[in-house]
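The values are calculated or read from the model by the stated rules, or taken from the named source; none is laboratory data. What you see is a predicted model; the values in this text were computed from it and never measured. When we count neighbours, we look across all protein chains shown, and the Cβ atoms used for this are built from the backbone with ideal geometry, even at glycine. Each accessible area value is taken on the protein alone, full model and side chains, heavy atoms only, with ligands, DNA and RNA left out. Shrake-Rupley method; radii C 1.70, N 1.55, O 1.52, S 1.80 Å.
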Amino acid sequence: AWPINNEAHDDHQHQHQHLYQNQHESMPNSADEKPSSGPNVVRMVAGQVIKKIATGHHVTSISLPIEVQQPMSALEKTTNAMQRGEIIVDVASAPDATSRMLQVVRFFLSGLPKEPFGKKPLNPLLGEIYRAAFKHKNREAGKTVLVAEQVSTQPPMTALHIENETLGFAMTSLACPEPHFRGNTLTISMKGMVDIFLAKQ
């Protein structure tokens, strides 16, 4: 199973759970006050976001209602990069530069989220660290480890390192999401860099 072992920093994890519980407890209990799922939630969120932007709030500092949040850190979402982790073996063993580039693109595309728009994970705390380990089906491929850290919150920046010593594979990335409010739409563009090192090539 993927992953076989993962852990978040205990202190930060407890803080996230505490914040989520406090927000949940502060929500109205009345069925009339609590919005239903679907379009009503979308309209409610849109109204709150527009109101806060109008008062001069920065887009990245806007708090969303509990209905659209997950009780987990956004750093845990970095494991999406390993949805098809077996492709790392193909990247490391590619016979030539062209094949290697194709396998790198394949690995990158396989890590895109395979989920519809839904709830937003909690924003990571500055210095928060998430670790995970993945065992490959081919035992000769060893184990791949993942370490993610929130290195900045304003603006938000997440550093990620994935490494497999057995295959001589290492990937380091820095992701910087940039939200843009354009009147009636909210677009989030992902900027940053990705470096891949292959020790055996």
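The figures follow:
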{"read-out": "Probe 1.4 Å, accessible area per residue of region 85-201, Å²", "value": "61 Å²"}
{"read-out": "Cα coordinate range in region 62-201, projected on the principal axes (Å, largest first)", "value": "49, 27, 26"}
{"read-out": "Linear extension gain, E86 paired with R43, 0.36 nm per residue minus alpha-carbon span", "value": "11.4 nm"}
{"read-out": "Rounded percent of accessible protein surface that carbon and sulfur make up, region 111-178, 1.4 Å probe", "value": "58 percent"}
{"read-out": "Local net charge near D90, Cβ-Cβ under 12 Å (Lys/Arg +1, Asp/Glu -1)", "value": "+2"}
{"read-out": "Length added when fully stretched, E67-L102, from 0.36 nm per residue minus Cα-Cα", "value": "8.6 nm"}
{"read-out": "Extended-chain gain in nm, criterion 0.36 nm per residue less alpha-carbon gap, S110 and K137", "value": "8.0 nm"}
